[in-house]
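S.K.: This is the structure I have questions about; it appears just below.
The values are calculated or read from the model by the stated rules, or taken from the named source; none is laboratory data. Everything quoted here is computed from the prediction, not taken from an experiment. Cβ sites come from the backbone with ideal geometry, for glycine too, and all protein chains shown count toward neighbours. Just so you know, the surface numbers come from the protein's heavy atoms only, side chains and all, with ligands and any DNA or RNA stripped out. Shrake-Rupley method; radii C 1.70, N 1.55, O 1.52, S 1.80 Å.
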Amino acid sequence: MSIKAIALNCTLKSDVNEESSTDAMIAVLADAFREREVEVSETVRVAALDILPGVTSDEGEGDDWPQLRAKILAHDILILGGPIWMGQMSSVAKRVLERMDAFLSETDEKERMPSYSKVAVAAIVGNEDGAHFSSAQMFQALNDVGWTVPAVAACYWVGEAMGSVDFKDLDAVPDKVTRTARMVAGNAAHLARLFQGHPYPG
């Protein structure tokens, strides 16, 4: 069976035409996933949508979360990407995680959340310290709401503090980033394929 991944770009830039370093990092991961025969179907610019505050799966009129939620759960792998701001993950990424809190009460007859037997990885960029803290925030929250995090699940790049060079501005992707992306993709794809035949029993 085929494995499909979806990427969420949690940049603060709402204009999909505005260049984003998070998009650039997601593209590195997408290439690595393709090497593992995993299709990254699309990258969603979350800030371009109206994801209302709340902790349910539908906050009513004007809420774009229900449609995004359906897209996410139609995939085997989630790439949660975002920039570091003030040493932590972006508010947009936090909004996504807050909306997934609803999974806790949306269990099936075996007490499994909708995200059970699905894999999540992170793509993080920034010009300041905080990559490890951001991934720690993401992974604990994702695990709390049912996602499985594989070994070596974060691909990140952090530039000089207060610097003017962003990941998207680099002439070439650093070798270490490329190697890490391949490891992230390989581990995530392996786990996702295992889950296809052997989902969590509940």
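S.K.: Name the residue, out of Met138, Met162, that is of a type outside the set (Ser, Thr, Tyr) and assigned to a loop (DSSP other than H, G, I, E, B).
M.R.: Unique residue meeting the criteria: Met162.
S.K.: Still on this model: What's the total number of residues in the range 158-198 that are closer than 30 Å to Pro114 by Cβ and open to solvent by 70 Å² or more (accessible area, probe 1.4 Å)?
M.R.: 6
S.K.: Let me ask another. Can you pull out the residues in the range 109-127 that are buried (at least 17 other Cβ atoms within 10 Å of the Cβ), assigned to a loop (DSSP other than H, G, I, E, B) and either modelled with pLDDT under 95 or more than 15 Å from the chain's Cα centre (by Cα) (or both)?
M.R.: Those that are buried (at least 17 other Cβ atoms within 10 Å of the Cβ), assigned to a loop (DSSP other than H, G, I, E, B) and either modelled with pLDDT under 95 or more than 15 Å from the chain's Cα centre (by Cα) (or both): Arg112, Met113, Pro114, Tyr116, Ser117, Asn127.
S.K.: Also, quick follow-up: Given the range 1-108, what strands (runs of 3 or more DSSP E) lie entirely inside it while holding 3 or more residues that are β-branched (Val, Ile, Thr) and buried (at least 16 other Cβ atoms within 10 Å of the Cβ)?
M.R.: Of the strands (runs of 3 or more DSSP E) lying wholly inside the range 1-108, those with at least 3 residues that are β-branched (Val, Ile, Thr) and buried (at least 16 other Cβ atoms within 10 Å of the Cβ) span 38-45, 77-85.
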